[in-house]
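Heads up, the thing below is written out as C-alpha cells.
The values are calculated or read from the model by the stated rules, or taken from the named source; none is laboratory data. Computed from a prediction, not measured in an experiment: that's the story for all the values here. For neighbour counting, all protein chains shown are included, and Cβ atoms are generated from backbone atoms with ideal geometry for every residue, glycine included.
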Amino acid sequence: MGCAMTKWRALILPIALLVLWELGGEFGLLPGDTLSRPSDIAPAWWRTFADGSLLLATLQTFETALLGLAIGAAIGIAAGIAIGLSPALDRVVSPTLEALRPVPPVALIPLALLLYGFGIRMEVLVIAFACLWPVLVVTVGAVRLVDARLLEIGRLLETPLMGRIFRLILPAALARIWVGIRVAAGIALVVAVTVEIVLNPQGLGYAMMASAQALNPALMWAELLWLGLVGWAFNTGLAAIDRRWLARFGAGGAR
C-alpha cells in the first residue's frame, strides 16, 4: 500500500506541469508557435505512433545505443580487469588513457564519418568510445577492491588466470561493474541522439530535427517527450536487473 502511494505521488509533479503548460498556452502566457500545448502534442504523437514512424525511429536509436554500449562495455571490462590486476600495466597505459579520456565523443564524428560514412557503424563507433570510459574506470576500481584472500585462494589452487577471472574476480566485482554499465547506458542514449541530430539521418534525434525544420513544434515536442519516456523505461529496466542481481549475489550496488 505504501509503495503504491509513493508511485502515485511521483506522478503529481509531471501532471501538475502538464496542466500548467496547457493553461499557459490556453491563456496566451506561453508562445504557442514554439511551445505547443499538450492538447496539440497528444494528437501529433498518436499520428506518428500509429503510422509506425515513431517506433521505427525509436528502434533505430536503441539499436545503435545498445550495440555501442555492448562494444564499449566489453572493451572496458576486459581492459579494466587487465589494468586492475597488473599495476605494471597500469603504469604503462595510464598516461595514454588519461590523455584520451577527456576527448569529447562528438569530436570523433568526423573521424567516424571518414571511416564508415553515414550509417549505423559510424554512430556505433562514437557511442562505444563514449561508453568505454565509465565502464573502464569502474571496472579497474572494482577489481582492485576484490578481497586479496580470494585471489590468494585461486593461486593456491593453481587455477588458471582465465579461470580465476571468470570464477572469482568477475563474480566478486560484478555488482560494482554494473554501476559503470548503468552510467554508460545513459551516456549511450544521449550520444546516440546527439549524433542523429548532428549528422546521422535516422532515429529519434533526426526525427526531432526534421520536425523542427518543418516548423511542426507539436510533433517535435511529441518526439522529445517520447524520448524522455522511453529513456525512463530503459533506466527502470536496468534498475530492475540491478535489484535482482543484488538479491542473487548479495552485493552492494546502485539502484
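Mind checking whether some residue in the range 47-60 is outside any helix (DSSP H, G or I), at pLDDT 80 or above and within 29 Å of the chain's Cα centre (by Cα)? Taking every residue of the range 47-60 in turn, at least one turns out to be outside any helix (DSSP H, G or I), at pLDDT 80 or above and within 29 Å of the chain's Cα centre (by Cα). Among residues of the range 32-56 that are within 19 Å of residue 196 (Cβ to Cβ) and buried (at least 17 other Cβ atoms within 10 Å of the Cβ), those with a beta-carbon under 6 Å from a residue that is at pLDDT 80 or above and of a type in the set (S, T, N, Q) at least six positions away or on a different chain give the pairs 54/48. Can you name the residue in the range 220-247 that is of a type outside the set (A, V, I, L, M, F, W, C) and exposed (fewer than 14 other Cβ atoms within 10 Å of the Cβ) and is also nearest to residue 36 (Cα to Cα) among such residues? Only one residue tops the list, namely 228. Name the single residue that is surrounded by the most Cβ atoms within 10 Å (Cβ to Cβ) among those in the range 210-219 being hydrophobic (A, V, I, L, M, F, W, C) and in contact (Cβ under 8 Å) with a residue 60 or more places away in the chain. Going through the qualifying residues, I end up with 219. All conditions in (1) over 30 Å from residue 205 (Cα atoms); (2) aliphatic (A, V, I, L, M); (3) surrounded by fewer than 15 Cβ atoms within 10 Å (Cβ to Cβ) hold for residue 115, with the sole exception of (1).
Looking at 169, 177 in this structure, which one is under 16 Å from residue 84 (Cβ atoms), at pLDDT 85 or above, surrounded by 20 or more Cβ atoms within 10 Å (Cβ to Cβ) and hydrophobic (A, V, I, L, M, F, W, C)? When all the criteria are applied, what remains is 177. Only one of the listed residues (204, 150, 219) is in contact with a helix residue (DSSP H, G or I) (Cβ under 7 Å, 6 or more places away or on another chain), under 23 Å from residue 116 (Cβ atoms) and in a helix (DSSP H, G or I). That residue is 204.
Determine if the range 188-200 includes at least one residue that is crowded, with 18+ Cβ neighbours inside 10 Å and over 24 Å from residue 109 (Cβ atoms). No.
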